[in-house]
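To start, the structure itself, in structure tokens.
A short reminder: the numbers here are calculations on the coordinates, not readings from a lab. Remember, predicted model here, so these are calculated numbers, not experimental data. Don't worry about glycine lacking a Cβ; one is built from the backbone with ideal geometry, like all the others, and counts go over all protein chains shown.
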Amino acid sequence: MRNIIIAGNWKMNKDMISTDEFCNTLAEYFSNYEDDMVGVIVAPPYPFLQSASDVLTYTPVEVAAQDVSVHKDGAFTGEVSASMLSSLGVVVCIVGHSERRQYHAETDDIVRAKMLELWAQNITPILCIGETLAQRDANETNAVIVAQLEGCLKGITDISDLIIAYEPIWAIGTGRTATPDQAQTVHAMIRSWIFDHYDKDAAENIHLLYGGSAKPENIGSLLMQKDIDGGLIGGASLNVEQFIAMINTANEILNTRRDK
Ligand code: PGA
């Protein structure tokens, strides 16, 4: 049975002090929690990765980066390499977020190259894919998702260390969440694509997260869907109480799944 993952993508938010406050509250929460837990990931901006990791050391929370350079090292001002992340103990990294694709011209080829850099350092990529509103309205959702999967995973034969996040662009930061049915339909399609292009184990084991205006009020109905294995949460992950509320909901759902 797949675990549920609750991942917070802070984007370009928070500073040193608010990072510390958030992580201390989260660490305190985990010090009181004994049951088996859902997987929890937080992705602060680069400058706060180290301090977040320090505060969260004795918790099950994994600290993730939001991006990585496509280059190994050298004269690339402002870039951060996978080996630098690895030297900080980072084990998860978001790649291909729609904001990177939109504002930094990231193509599927670039995203793929970034994933290869991450795998070389044993860092798990969270690969983001998703369609625009115009593409959805034109009934192109499946074609767009398949093209992104094909482009990003071209020639990659082992996806045992990969998380995929389906993030419809029209739902990101807009308050307009995909309905549980809409999200489930795409997640099921992604899983069956993986079954067809890899194998049954890969399809059964991969975590497919949903992202796009997920929040405490709607995370439960999303996580009740068979192929939704967690959330990649932006806005609502910035508030530690809301983040913890989503972890609690995910735990309840995980426990009902285990009872079945
Ligand atoms: P949102 O962002 O939850 O603020 O919509 C999600 C994401 O971009 O990962």
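In which sequence would Phe48, Phe22, Phe76, Phe30 go, from the one with the fewest C-beta neighbours within 10 Å to the one with the most?
Phe76, Phe30, Phe48, Phe22
Take His97, His104 and order them by how many other Cβ atoms sit within 10 Å, fewest up front.
By the 10 Å Cβ count, ascending: His104, His97.
Using a/c under 1.5 as the rounded threshold, could you call the range 20-105 rounded, prolate or oblate? The axes a ≥ b ≥ c are square roots of the C-alpha gyration tensor eigenvalues, and prolate needs a/b larger than b/c, oblate otherwise.
prolate
Any idea what % of Cα-Cα pairs in the chain are farther than 26 Å?
36 percent
Quick one: what does P(r) look like for the range 69-197 with 5 Å bins over all Cα pairs, in whole %?
All Cα pairs considered, the percentages come to 2, 10, 19, 22, 19, 13, 9, 4, 1, 0.
Looking at the range 139-183, what % of the alpha carbon pairs are farther apart than 16 Å?
Roughly 51 percent, once rounded to a whole number.
Counting alpha carbon pairs within less than 8 Å and at least 6 residues apart, what relative contact order, in whole percent, applies to the range 5-259?
Working: 449 pairs, mean separation 48.9, N = 255.
Computed value for the range 5-259: 19 percent relative contact order.
Determine the sum of side-chain charges near Glu21: Lys and Arg each +1, Asp and Glu each -1, restricted to other residues whose C-beta is under 15 angstrom from that of Glu21.
Values: positive: Lys14; negative: Asp15, Asp20, Glu28, Asp54, Glu241.
Result for the local shell: -4.
Let me see the pair-distance distribution of the range 133-246: every alpha carbon pair, 5 Å bin width, integer percents in order.
Using 5 Å bins, I get a P(r) of 2, 12, 22, 23, 18, 13, 8, 2, 0 for the range 133-246.
Compute the distance in nm between two label points, each set 7 Å from the Cα along the Cα-to-Cβ direction, one at Asp161 and one at Asn32.
3.7 nm
Given contacts defined as C-alpha pairs under 8 Å and at least six residues apart, what's the relative contact order of the range 145-216, whole-number percent?
48 percent
Under the definition of Cα pairs under 8 Å and six or more residues apart, what whole-number percent is the relative contact order of the range 13-84?
Worked out over the range 13-84, it gives 29 percent.
Quick one: of Lys11/Lys114; Lys114/Lys154; Lys11/Lys72; Lys11/Lys226; Lys200/Lys226, which pairs are farther than 21 Å apart, Cα to Cα?
Result: Lys11/Lys72; Lys11/Lys226 exceed 21 Å.
For a bin width of 5 Å, list the pair-distance distribution of the range 202-260 built from all Cα-Cα distances, rounded to whole %.
4, 19, 29, 25, 14, 7, 2
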